[in-house]
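Inspection log for the structure reproduced underneath, given as structure tokens.
Bear in mind these aren't lab numbers, they're just calculated from the coordinates by the rules spelled out. In this text, all values refer to a predicted model and were calculated from it rather than measured experimentally. No Cβ is skipped: glycine too gets one built from the backbone with ideal geometry, and neighbour counts run over all protein chains shown.
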Amino acid sequence: MVSGAAGDVSSITDGLRVTFGAGKADMSPATVAALHSLGQAVAPNEQAALNIYAYAAGAPDDPSTPRRLSLSRALAARAVLMSDNIASTRIYVHAMGSTPSAGPADRVDVQLASAARTP
């Protein structure tokens with residue numbers, strides 16, 4: 001958590017969206033608090049699992065850099081959720097890099113997943 005970090009939180013279907021400053025994986029106190037709130041709501045239901053889809057803006061000729069940054073963001077979000085007693089086996093991380101999608105390029109979407117994960 002970084003006091004002056006850029007970032008916002010909004011609701012999405014079955015979860016929340018956390019945005020980040022360009023090129024950063026730092027979370028603001030507000031984004032950490034929102035993740036804690038979600039984690040505390042989900043933790044008691046041991047059948048509930050979460051998907052973390054992380055994105056990062058990047059140049060088309062360098063897919064590695066945004067993939068690594070999106071992974072850093074996903075792992076930071078996972079760490080917050082794990083601190084609320086959600087086992088890592090209930091959190092599925094997806095580092096999407098600069099994969100085109102609807103929404104801001106620099107974000108993490110955390111959504112409820114089904115209890116049974118298909119490989």
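Simple spin-label model, 7 Å along Cα-to-Cβ: residue 61 to residue 40 in nm? Here the modelled spin labels are 4.9 nm apart.
Considering just Cα atoms, how many Å³ per residue does the convex hull of the chain enclose? Can you show the working numbers first?
On the way: hull volume 11.5 nm³, N = 119.
Hull volume over Cα atoms, normalised by residue count, gives 97 Å³.
3J(HN,Hα) along the stretch 69-85, derived from phi through the Karplus expression 6.51 cos²θ - 1.76 cosθ + 1.60 where θ = phi - 60°, amounts to 5, 5, 5, 4, 5, 5, 5, 5, 5, 4, 4, 5, 5, 5, 5, 9, 6 Hz, with x in place of Gly and Pro. Phi angles across the stretch 59-66 convert, under the Karplus curve 6.51 cos²θ - 1.76 cosθ + 1.60 with θ = phi - 60°, into 3J(HN,Hα) values of 7, x, 7, 9, x, 5, 4, x Hz, Gly and Pro given as x. For the chain, averaging the sequence separation of C-alpha pairs within contact (under 8 Å, six or more residues apart) and dividing by the residue count gives a relative contact order of 34 percent. Residues whose amide H falls under 5 Å from that of residue 92, counting only those 5 or more places apart or on a different chain, are 50, 51, 52, with hydrogens built in the peptide plane. Its DSSP H runs of at least 4 residues, each contributing -39,500 (n - 2.57), put the calculated 222 nm mean residue ellipticity of the chain at -9000 deg cm²/dmol, to the nearest 500.
With both partners inside the chain, how many of the DSSP beta bridges are antiparallel, as a percent to the nearest 5? Walk me through the intermediate numbers first.
Details: 16 of 22 bridges.
Of the beta bridges lying entirely in the chain, close to 75 percent run antiparallel.
Here the calculated FRET efficiency for residue 79 and residue 101, from their Cβ-Cβ distance with R0 = 30 Å, stands at 0.80, rounded to the nearest 0.05.
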